[in-house]
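Visitor: My questions will all concern the structure given below.
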Amino acid sequence: MKIVLEPIGIIRTPFKKAKDAPRQAAEALMYTAVAEIFPPYREALEGLDSFPWVVLIYFLHRTGGRGDLKGVFSTRSPHRPNPLGVAVVELLEVKEDSIRFRGVDMLDGTPLLDIKPYYPTLVPSAPPPPEEPKAQIAPPPPLTPGRQ
């Protein structure tokens, strides 16, 4: 079976290298980014502004291989059989061709595959997940003029 996915947009962030990016979106609420949506998908943004949080699904295009798979399904490691990233981010603004959000752990140029509204009530009785070891967060890189 072959699965082909088309990106719906590109995520623009201040992080050019993996070593500079935070390890988890929840630990990166001080950073904002913009997802530029490609023309065929722009009308799909209608109504999204009524959600304060959204789920971004993106392709981890610069992971550099799978690495050791043992136990990978119990981690958020980018080295996976299918390099997909998922982040719940705070939606700050919806324009006709983009969204601006807070909670950035993606690299600049990351292909965006989908956006879904976040509903915390979908699993109201779910226990909290086990705590992952805290990652070291690199100091923020200087922002490119014109980007926030």
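Visitor: Take residues that are among the small types (Gly, Ala, Ser) and at pLDDT below 90 and tell me which of the strands (runs of 3 or more DSSP E) falling wholly in segment 43-122 contain 2 or more.
Guide: Numbers: elements: 53-59, 84-94, 98-102, 110-117.
The strands (runs of 3 or more DSSP E) meeting that bar are 84-94.
Visitor: Do you know which residues across segment 11-26 are assigned to a loop (DSSP other than H, G, I, E, B) and at pLDDT 80 or above? Even if it seems obvious, please write down each step before you answer.
Guide: First, the residues of segment 11-26 that are assigned to a loop (DSSP other than H, G, I, E, B): 13-17, 21-24.
Hits for segment 11-26 are THR13, PRO14, PHE15, LYS16, LYS17.
Visitor: What are the residue pairs meeting all of these: first residue in segment 31-42, first residue assigned to a helix (DSSP H, G or I), second residue small (Gly, Ala, Ser), Cβ atoms under 7 Å, and 6 or more apart or on different chains?
Guide: TYR41/GLY9
Visitor: Taking only segment 1-60 into account, find how many residues are closer than 19 Å to LEU107 by Cβ and not β-branched (Val, Ile, Thr).
Guide: Counting residues in segment 1-60 that are closer than 19 Å to LEU107 by Cβ and not β-branched (Val, Ile, Thr) gives 30.
Visitor: Identify the single condition in (1) outside any strand (DSSP E or B); (2) surrounded by 12 or more Cβ atoms within 10 Å (Cβ to Cβ); (3) modelled with pLDDT of 90 or more that GLU6 does not satisfy, given that it satisfies every other one.
Guide: Here GLU6 meets the rest and fails (2).
The values are calculated or read from the model by the stated rules, or taken from the named source; none is laboratory data. The structure displayed is predicted, hence computed values, not measured ones. Quick reminder, even Gly has a Cβ in these numbers, built from the backbone with ideal geometry, and neighbours come from all protein chains shown.
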